[in-house]
Structures are given as C-alpha cells and as structure tokens.
Amino acid sequence: MTGASASCAMHALGPISVPVWPNDTGITHIDPMVCVVSFSDNEAIRKIAEPKLLEAAEVAREAEPDRWPGGGGAKIRDIGEWPCAAMTLLHKRAQEAYRRLTKEQEAHIDDCWASVYEPGDFIGPHAHRRTNVSVVYHLTPPDPEDRENFDGALGIVDPRVARCCPTKPGYVTTQLYPPLDPGTMVLFPSFVTHYVTPHRSKSPRISIAWNIDGKEIPGNVADEPLL
C-alpha cells in the first residue's frame, strides 16, 4: 500500500470505519532521528484492544509469577495475527508510518509485541539489531500527573541523537522523552538506545511496538536474543 492509497483506505473498527491514515495526520521530527505521529481516534481503538491485551497480560503473568520488574512488563507477542480490528489497524498504521518516513515501498515487520506495565515495571537501556526503524504506540499511557514526572515514560539516551547532546556532539548530557499522550506513535532508528522509566500509576500502562525494515530479514528474531 503506497502513501497515497493509504490516505484513502478505510478500515472497519467495530460499528464505524476509520481511515488507515487520516488526511490531517503528519509525521513530526522532534529530533533528526526521532519522529512522532498523533492519532485522534485512540479512544475507539483502546476500547477494543485494551481488554484483550489485559486478559493476555494476566495469562502471561500467571505463567511467569517470578517475572523481574525490569523486564519491561508482560510481553504479548504475535498480536499482528490476532483477529482484532483495532490491532490490525495499528499494524497497518505502523507500516504506513514506516513507508512515509523512509520513502520505501515495502514495510516488513520483523517483530511486534505489546507491553503491559504494572506499578514498578520498567526496562533498562537497550536497542534492536535486526531492523531499520522501531515504532512504539502509546495505547494506554500513564496517568497525566505521572506523565508530567516522566514516570513510565519512553526515554531515549544515545550519543547519536542530537537532543541528547545539547552541549557537545557525541556527549550525552540529557535524555529525550517523546510525548506520552494517548494515540502517539514514536519512530526512531532501531539502533538508538531507549528505555522505559518505572511505571508508577495504579492503572496499567500499555504500549505496542514494532521493528520494521524495508526488506524481509532472514532467520527468526527469537533466534537472536539480546543476551
């Protein structure tokens, strides 16, 4: 699907139809390497996707009762294959965002997962090796007061990111925290070091992530663990 056709394509979301890529939606650079997109229909998406993700997270936590809080919450994989209209729509939007950002015709998803954070969950600095671009969507971010304090926030700290090095190029002296508003999609090179600060809100924090490339990558991402 090209950028032009995606602007016209509609997707059924329960009793309504919404555009895959709304006409008034643009990609904004907050750094040469970091972009954000804001979708105004997140509430309709959340109402469908959130209950399914919370149910799956409960199953995941029961299977791993001793899960380390620093592991990034309950991970739910293969969500792109779910028979869920909201998840399918987000899948299409992540691919279209990649195409619009890179100007490439193809957008192959190498990995996709949801993360459901409970109070105390976080994940330390890391990057992704296999793909060109990583995408994170804030389905249910922390409460507004926690967002103001950057609790449960997606953070970026990398010497190649200009806003992390305001005093001298290549020397990290600050962190970049992209907007945490509901319906915000953040895009950055997969090699960029990122993390999530400890989640403090009583209600779960839910994000969805994709690693995308312009070509299919041989092998299976599960065969290339980070450690």
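Which residues, taken from region 1-43, are of a type in the set (A, V, I, L, M), outside any strand (DSSP E or B), at pLDDT below 95 and surrounded by fewer than 17 Cβ atoms within 10 Å (Cβ to Cβ)? Walk me through how you get there before you give the answer.
Restricting attention to region 1-43, the residues satisfying the condition of being of a type in the set (A, V, I, L, M) are 1, 4, 6, 9-10, 12-13, 16, 18, 20, 27, 30, 33-34, 36-37.
With outside any strand (DSSP E or B) added as a condition, the list becomes 1, 4, 6, 9, 20, 27, 33.
With at pLDDT below 95 added as a condition, the list becomes 1, 4, 6, 9.
The answer is 1, 4, 9.
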Worksheet, complete the sentence: The one condition residue 158 fails out of (1) among the charged types (D, E, K, R); (2) crowded, with 21+ Cβ neighbours inside 10 Å; (3) closer than 23 Å to residue 68 by Cβ is (3)
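What residue, of 174, 184, is farther than 16 Å from residue 111 by Cβ and in contact with a Phe, Trp or Tyr (Cβ under 8 Å, 6 or more places away or on another chain)? Step through it out loud before you land on a result.
On the way: 174 fails: in contact with a Phe, Trp or Tyr (Cβ under 8 Å, 6 or more places away or on another chain).
Within the list 174, 184, the selection yields 184.
Residues checked against (1) of a type in the set (S, T, N, Q); (2) surrounded by fewer than 16 Cβ atoms within 10 Å (Cβ to Cβ):
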site: 120; (1), (2): no, yes
site: 133; (1), (2): no, no
site: 136; (1), (2): no, no
site: 140; (1), (2): yes, no
site: 148; (1), (2): no, yes
site: 152; (1), (2): no, no
site: 162; (1), (2): no, yes
site: 168; (1), (2): no, yes
site: 171; (1), (2): no, yes
Worksheet, complete the sentence: Picked from region 191-203 (must be of a type outside the set (D, E, K, R) and surrounded by fewer than 20 Cβ atoms within 10 Å (Cβ to Cβ)), the residue nearest to residue 140 (Cα to Cα) is 203
Item to complete: Run residue 184 past the list (1) surrounded by fewer than 17 Cβ atoms within 10 Å (Cβ to Cβ); (2) at pLDDT 95 or above and report the number of the one that doesn't hold.
Response: (1)
Worksheet item: If you check 48, 79, 30, which single one turns out to be touching a Gly at 6+ places or on another chain (Cβ under 8 Å) and hydrophobic (A, V, I, L, M, F, W, C)?
Response: 48
Worksheet item: Do any strands (runs of 3 or more DSSP E) entirely within region 91-140 hold 1 or more residues that are over 20 Å from residue 192 (Cβ atoms), and if so, which?
Response: 108-117, 133-140
Worksheet, complete the sentence: Those residues of region 104-135 which are of a type in the set (Val, Ile, Thr) and either closer than 19 Å to residue 200 by Cβ or at pLDDT below 95 (or both) amount to 116, 123
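The values are calculated or read from the model by the stated rules, or taken from the named source; none is laboratory data. Fair warning: this is a prediction, and the values are worked out from it, not measured in the lab. All Cβ positions, even for glycine, are placed from backbone atoms using ideal geometry, and neighbour counts span all protein chains on display.
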